[in-house]
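**Q** This is the structure I want to talk about, given as structure tokens.
The values are calculated or read from the model by the stated rules, or taken from the named source; none is laboratory data. Everything numeric in this text was worked out from a predicted model, so none of it was measured. When we count neighbours, we look across all protein chains shown, and the Cβ atoms used for this are built from the backbone with ideal geometry, even at glycine.
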Amino acid sequence: MIIRMLNGKKTSRTPVWFMRQAGRYMAEYRALKEKYTFLQLCSTPELAARITLLPVKKFGFDAAILFSDILLPVKAMGLDLDYQPGPRITPRITDMDGVERLRVPGPEEFGFVGCAISGIFAELPGEKDLIGFAGAPFTVAAYILEGGSGTDFPMIKNAAGSPLFFALMEKVTQAVIQYMNVQADAGIKLFQFFDTWAGLIGAGRYATDVLPYTQRAVDAAKSRGLKVIYFFKGGAGMAQAVSRLKGVDVFSVDSTLPLGEIDGITGGRYVMQGNLAPEILTMDRDLIIEKVDAILKSAEGLKGHIFNLGHGVLPATPEANVAFAVEYIKRAGEK
Ligand code: CP3
């Protein structure tokens, strides 16, 4: 339904899927986590395929998103990666030698991803889309320099503009493109770049030091014929900066501004994805209805709208609220 819409076909209603729709808020997922680590779940194709399909079968989302993580390429680059549950990446990269030691992984490093995708396509109903994804280079580089999770990412802020920064961005961009290529080879047609932390560096610096690398990743995806969704956080200033990217089909935006306002900033040229605040799904149904209605209204003048959250589903979200929200969005989004 989403790919059809991006090809300019009319749809009978607004399509809906949620970032992190397969995860800790689901009982079946938590049961699997009793037996396997997150990395085992990602790298075992049968398990990754099963988890990908869980929320689609249970809640009726219009799209599945590959169960994986934006940091898997970091492991393939030769660093140690571990989740507790936030990611930890070792050793810390502090100098050029560290960057030079990083490998650009070949497609053979991601064989399990291709297998998982084939398994998902074998079971996914024809009217549903499968979304592949990667981190955008800046966000992946931010985790590498920080050595894992952070909120402020001081390391990459300090490094920005330095030779170390550009050398790292170069390697990460190549790794991200390889990870995308494996997914395109396996038949993915719709691809999301997650650039969660791009806003941290400021719109001016993003334009000069980051955008060229993001653009290369987007160009590589477009050269494979993919439809591209770009997720970023950071409101109006960032919306203006990222709208200079060429080839993006959809902007996926956080919950800080109404979709109509972002559309005004980016020039009315894009399909928008978003942007219910994830916290709302932990609250009363009346509030869910009110906020969903407001988003659908704000999306009325857009070129197109894919309903989603402004960020991932929170682990504390009751499953019943997800079921309710998806059903309500489908009904209220009828045209
Ligand atoms: O959306 C989906 O359902 C598809 C799978 C997916 C995961 N991570 C699974 C996951 C996707 C698309 C991601 C993207 C991702 N991963 C991003 C970008 C989006 C965002 O959230 O900002 C980032 C920054 C990461 C890196 C990452 N992975 C972090 C910071 C964490 C820990 C945070 C947390 O939620 O605990 C992860 C772990 C992770 N990735 C989990 C899942 C289901 C939780 C692992 C567990 O079950 O213990």
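**Q** Within the stretch 1-47, take every residue that is within 21 Å of the chain's Cα centre (by Cα), of a type in the set (D, E, K, R) and surrounded by fewer than 17 Cβ atoms within 10 Å (Cβ to Cβ) and give me the one that is nearest to the ligand (Cβ to nearest atom).
**A** It comes out as 24.
**Q** Ok, one more. With within 12 Å of the ligand (Cβ to nearest atom), closer than 28 Å to residue 22 by Cα and among the acidic types (Asp, Glu) as the only criterion, which of 146, 127, 109 stands out? Steps first, answer last, please.
**A** On the way: 127 fails: within 12 Å of the ligand (Cβ to nearest atom); 109 fails: within 12 Å of the ligand (Cβ to nearest atom).
Sole residue among the options that is within 12 Å of the ligand (Cβ to nearest atom), closer than 28 Å to residue 22 by Cα and among the acidic types (Asp, Glu): 146.
**Q** Continuing with the same structure: I'd like the full set of residues that are in contact with a strand residue (DSSP E or B) (Cβ under 9 Å, 6 or more places away or on another chain), assigned to a loop (DSSP other than H, G, I, E, B) and of a type outside the set (D, E, K, R), limited to the stretch 240-271.
**A** 243, 245, 247, 248, 255, 256, 257, 258, 270
**Q** As an exercise: evaluate residue 297 against (1) surrounded by fewer than 21 Cβ atoms within 10 Å (Cβ to Cβ); (2) modelled with pLDDT of 95 or more; (3) under 22 Å from the mean Cα position of the chain (by Cα) and give the number of the one condition it does not meet.
**A** Answer for residue 297: the failing condition is (3).
**Q** If a residue counts only when it is farther than 25 Å from residue 224 by Cβ and in contact with a helix residue (DSSP H, G or I) (Cβ under 8 Å, 6 or more places away or on another chain), which helices (runs of 4 or more DSSP H) contained entirely in the stretch 85-184 have at least 2 such residues? Can you show your working first?
**A** On the way: elements: 96-101, 111-123, 137-146, 154-159.
By residue number, 96-101, 137-146, 154-159.
**Q** Taking interchain pairs and intrachain pairs at least six residues apart, which have beta carbon atoms under 9 angstrom, with the first residue in the stretch 79-102 and over 10 Å from residue 148 (Cα atoms) and the second in a loop (DSSP other than H, G, I, E, B) and among the β-branched types (Val, Ile, Thr)?
**A** The qualifying pairs are 79/93; 99/93; 101/93; 102/93.
**Q** Scan the stretch 61-77 for residues that are more than 11 Å from the ligand (Cβ to nearest atom) and farther than 18 Å from residue 111 by Cβ and report the count. Show your work before the answer.
**A** Taking the stretch 61-77 as the starting set, the residues that turn out to be more than 11 Å from the ligand (Cβ to nearest atom) are 62, 73, 75-77.
From what's left, farther than 18 Å from residue 111 by Cβ: 62.
Number of matching residues: 1.
**Q** Is it true that residue 252 is without any contact (Cβ under 8 Å) to a residue 40 or more places away in the chain and either under 24 Å from residue 204 (Cα atoms) or not aliphatic (A, V, I, L, M) (or both)? Talk me through it step by step, then tell me what you get.
**A** On the way: without any contact (Cβ under 8 Å) to a residue 40 or more places away in the chain: no; either under 24 Å from residue 204 (Cα atoms) or not aliphatic (A, V, I, L, M) (or both): yes.
For residue 252, the condition - without any contact (Cβ under 8 Å) to a residue 40 or more places away in the chain and either under 24 Å from residue 204 (Cα atoms) or not aliphatic (A, V, I, L, M) (or both) - is not met.
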